[in-house]
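Here's the structure, in structure tokens; my notes come after.
The values are calculated or read from the model by the stated rules, or taken from the named source; none is laboratory data. Predicted model only: the values in this text are computed from it and were never measured. Here the Cβ positions follow ideal geometry from the backbone for every residue, glycine too, while neighbour counts run over all protein chains shown.
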Amino acid sequence: MSLLSEQDRETLAQEFKALETPVKLIVFTQEFECQYCRETRQIAEEVAGLSDKITLEVYDFVEDQEIAEQYNIDKIPATIIMRGGDEPQDYGIRYYGIPSGYEFSSIIHDILMVSQGDSELLPETREWLKNLTEPVHMQVFVTPTCPYCPQAVLLAHKMAMESDLVTADMVEATEFPHLSVKYSVMGVPRTVINETVHMEGAAPEPLLLAKVQEAVG
């Protein structure tokens, strides 16, 4: 049974006509012992089936451990959105947990962004990220029913696309309760930067940049 309605499929197929360079989706799953693994894979399969510019690779988190380590995947279900084709590029865009509800829109926006090759960040943000010299890891905790979460996820993913030193994860808070406890997630979206700096809500770009600057000292 399809997870996408016929109307959704038609709408997305139209949107994907704007895709320029190929996009690759990589899903790490495991049919047993993983909540929402099957659904996450099915979402990726249905989305990839709507355009010949989108390809999909699916790996087993245990059996394909070397590949998981290559992409620094430490939990599942996990989805990577990267540039495909002859010149593949991993921008550090990660989804941990099922990208359902409001977060489904984040997946679609990321696919379009990666294909177009433009983060659309402000010039001052681009310039600062261009001169970044140390790694930045952002974890954006979300729930599928949070209407403000996609804004926070997409902004973090834009920064990841802009700099090789930035990795940005969407983390579905209810699927990874141990992480929610570890980072004191009482509401979403909550962004954790380099383990030390936290930000609540869907903040505008200049505020997130200031928090990233704080995290790297």
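All told, K75 meets the bar of being among the basic types (K, R), at pLDDT 95 or above and out of contact with any Leu (no Cβ under 8 Å at 6 or more places or on another chain).
Of all positions in the stretch 142-158, at least one carries a residue that is at pLDDT 95 or above and touching a Cys at 6+ places or on another chain (Cβ under 8 Å). Here K53, K17 are screened, and the one residue that is among the basic types (K, R), more than 19 Å from the chain's Cα centre (by Cα) and over 21 Å from H178 (Cβ atoms) is K17.
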